[in-house]
């Protein structure tokens, strides 16, 4: 008997939760805010679903109810992706070490 | 057009890159590289999606336009946002992830053929279950985050809104969501799908309104977690590994942060979620209204104390952020360091309005991160320090948490500020903090209260040093 592909996806999902668990515990507390903004940005990878939805129309009619929702989702996810990664970048650039030469 | 197997491999790669992005955050040195991995993962995922759909017609142009429009809005926000407003920003971003998940689910429900999920009215059972879970969690994330945003922004009152029968009502709604998903899957009725969405929006709203403004660190982390589970739900629907991995990562990340925040307040997760902290505080604060003597001083006294100290520990809190005093504080510390005084910063896990908020604000003011310490790292040092400078923090320094089992904050880990030789406490008035309880520290023999705006006081002290 063949195994349902859903089981494979479920395995990936469960294992990723464990990976996430250990990786996140190793994040230093001082970087918890960047952690939130970067998780925000990467969860917007949902944009892949939005792109499929947006491209679902045929060449005669690009816009149908389904693809309009797709386009809206693309815009929302794009705000998050750009906003999330850039604001994380901005924050991380501020974390500096003590300058040794300065007295 | 590339094969489904090849694109699956690329999605896997982008999932791995996202794991590396979080891994990078284990130290500030590797963090920037981590962020780069995250961006790379995103580029791969988006490119592969384009290639796998392989439809470069007019629709493609519109996709690019929408990405560009959204991207420029996002970039603009990212550059403009002041660091003090990070909690609002993150709450706002969570709501967008939630809404995007809802939109993708709607789109997949209306046009399942595009996603290879069957025909309208006859969607594969497994996909329909995953889709409706993703949509429901996304809707909860959206409306919950909107409320969190409004509370943080001050548009909505931060105090908990409670009414009679709230918990039974929420329980009924949550049960009805499960019932609706079951009915939806057995009938495939689109009306039920819309009702499910409406009810989920409603419950997201109802779940967050009873939670007080100061419990926001927990709420934000929790919504972070929800946005991850929503993404994972959609990932199952789309059979997309990148989304499943990311959803799981974000979901567990948010859950861990919620746990850390709850522990920082010594409250159980359910206690926070069910709200009602406001109810217990009233009776305990009104019972002890007697006036106790406090010692208050001015900038001159504070400067004198600090000049004669050999080590100073700064305890910043949300009040510092409100007063925008972090730059003035850094200048004061620079002056202290020129006088060969050892200065370090002590940060409580729930200082600020979101996890790690204080660290970002100090980093913005050019405070080196190796001078900033967490509670466990620095708590023993207070006994050896000469001066503790409390600026904008309150409840996290209250010794009552260690001594009075009656107190609502009893058992909460606090900074042992009172063990310092002297304590300088910058505050506008004697009013209690968000927990609504008096801080015993105000009345200690070795405490000098500095009643003023945090920024102004810090600047005045610097002048007097």
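Laboratory data are not the source of any read-out in this text; all were calculated from the coordinates shown. Quick caveat: nothing in here was measured; it's all calculated off a predicted structure. Every residue, glycine among them, receives a Cβ derived from its backbone with ideal geometry; neighbour counts consider all protein chains shown.
Among the residues here, residue B:107 does not qualify as exposed (fewer than 15 other Cβ atoms within 10 Å of the Cβ) and within 7 Å of chain A (Cβ to nearest Cβ).
Residues checked against (1) farther than 21 Å from residue B:39 by Cβ; (2) without any contact (Cβ under 8 Å) to a residue 40 or more places away in the chain; (3) touching a helix residue (DSSP H, G or I) at 6+ places or on another chain (Cβ under 8 Å):
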site: B:78; (1), (2), (3): no, yes, yes
site: B:82; (1), (2), (3): yes, yes, no
site: B:90; (1), (2), (3): no, no, yes
site: B:94; (1), (2), (3): no, no, yes
site: B:97; (1), (2), (3): no, no, yes
site: B:102; (1), (2), (3): yes, no, yes
site: B:130; (1), (2), (3): yes, no, yes
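Exactly one of (1) over 26 Å from residue B:216 (Cα atoms); (2) in a loop (DSSP other than H, G, I, E, B); (3) touching a helix residue (DSSP H, G or I) at 6+ places or on another chain (Cβ under 8 Å) is unmet by residue B:415. Its number? So the condition that residue B:415 fails would be (1). Selection of segment B:74-104 for residues being more than 29 Å from residue B:237 (Cα to Cα), facing another protein chain (nearest Cβ under 7 Å) and over 20 Å from the mean Cα position of the chain (by Cα) yields only B:75. In the set B:315, B:322, B:294, only one residue is under 23 Å from residue B:86 (Cβ atoms), in contact (Cβ under 8 Å) with a residue 12 or more places away in the chain, surrounded by fewer than 16 Cβ atoms within 10 Å (Cβ to Cβ) and more than 10 Å from chain A (Cβ to nearest Cβ); that residue is B:322.
Looking at residue B:40, is it surrounded by fewer than 18 Cβ atoms within 10 Å (Cβ to Cβ), more than 7 Å from every other protein chain (Cβ to nearest Cβ) and over 17 Å from residue A:95 (Cβ atoms)? Give the derivation first.
On the way: surrounded by fewer than 18 Cβ atoms within 10 Å (Cβ to Cβ): yes; more than 7 Å from every other protein chain (Cβ to nearest Cβ): yes; over 17 Å from residue A:95 (Cβ atoms): yes.
When the stated conditions are applied, residue B:40 passes them.
Scanning segment B:347-391 for residues that are within 12 Å of another protein chain (Cβ to nearest Cβ) and in contact with a helix residue (DSSP H, G or I) (Cβ under 7 Å, 6 or more places away or on another chain) yields a total of 23.
For segment B:124-141, enumerate the residues that are buried (at least 24 other Cβ atoms within 10 Å of the Cβ) and either over 23 Å from the mean Cα position of the chain (by Cα) or under 13 Å from residue B:185 (Cβ atoms) (or both).
Restricting attention to segment B:124-141, the residues satisfying the condition of being buried (at least 24 other Cβ atoms within 10 Å of the Cβ) are B:130-132, B:134-141.
Result: B:130, B:131, B:132, B:135, B:136.
More than 8 Å from every other protein chain (Cβ to nearest Cβ) and buried (at least 16 other Cβ atoms within 10 Å of the Cβ), is that true of residue B:64? For residue B:64, the condition - more than 8 Å from every other protein chain (Cβ to nearest Cβ) and buried (at least 16 other Cβ atoms within 10 Å of the Cβ) - is not met.
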